[in-house]
Amino acid sequence: MRLRNPLANAHNHGSAGHGVSHWWAQRFSAIGLVVLTVWLVWAMCSLVGATHAEAADLLSHPFHAAMALLFVISGIYHGQLGMQVIIEDYFDSHLVETLALVAVRLVSIFGGLLAVIAILKLALGV
């Protein structure tokens, strides 16, 4: 029989308001992605039947390159936030949870860097 108060067992296990900033970050990134997706659909529709050179020329304009960068960065950030919630909710082992969170963060950083480098190469004509 445990004589500890149930409240004492709950202390230092996170507060009810701990995930509020994470929740807001997901919502704001989702709203931003809606706007950026409208741009992406417009850009893809304008490239129907275009050659590779014409598609690369679209991204050579600073506005379109910036929009593509924002889309990629926001999308990867939003996906990483979503995966973090899934991992924190469904993984029981603290070690496995930590390793999965680190793996998601590393894959997000690596994929983001690759996409940013590719867009910048097209934008700068390198």
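Can you give the angle from 0 to 90° between the axis of helix 20-46 and the longest principal axis of the chain, with both taken from C-alpha atoms, to the nearest 10?
Roughly 20 degrees, rounded to the nearest 10.
Name the residue from Ala50, Val85, Met67 whose Cα lies farthest towards the positive end of the charge dipole of the chain, charges +1 on Cβ of Lys and Arg and -1 on Cβ of Asp and Glu.
Val85
What dipole magnitude, in Debye to the nearest 20, does the chain give about its Cα centre under +1 on Lys/Arg Cβ and -1 on Asp/Glu Cβ?
Dipole magnitude for the chain comes out near 340 debye.
Starting from the alpha-carbon convex hull of the chain, give the projected area averaged over all orientations, in nm².
Taking a quarter of the hull surface, the average projection is 10.6 nm².
What spacing in nm lies between the two simple spin-label points modelled at Val102 and Ile86, each 7 Å away from Cα in the Cβ direction?
Each label point lies 7 Å from its Cα, and together they span 2.1 nm.
Computed from the mean reciprocal separation of all distinct C-alpha pairs, what Kirkwood hydrodynamic radius does segment 71-126 have, in Å? Mind showing how you got there, number by number?
On the way: mean 1/r = 0.0808 Å⁻¹.
Value: 12.4 Å, from the Cα pair sum.
Tell me, what % of the accessible area of segment 11-126 is carbon and sulfur with a 1.4 angstrom probe?
Within segment 11-126, the accessible surface is 74 percent carbon and sulfur.
Using a 1.4 Å probe and ignoring any ligands, DNA or RNA, find the accessible area of Ile109 and quote it in Å² to the nearest 10.
Counting only protein heavy atoms, Ile109 exposes about 90 Å² to solvent.
For Glu54, tell me the accessible area in Å² from a 1.4 Å probe, rounded to the nearest 10.
100 Å²
The values are calculated or read from the model by the stated rules, or taken from the named source; none is laboratory data. Please read all numbers here as calculations on a predicted model, not as lab measurements. Glycine also receives a Cβ, built like all others from the backbone with ideal geometry; neighbour counts cover every protein chain displayed. Heads up: the accessible areas ignore ligands, DNA and RNA and are worked out on the full protein's heavy atoms, side chains in. Shrake-Rupley method; radii C 1.70, N 1.55, O 1.52, S 1.80 Å.
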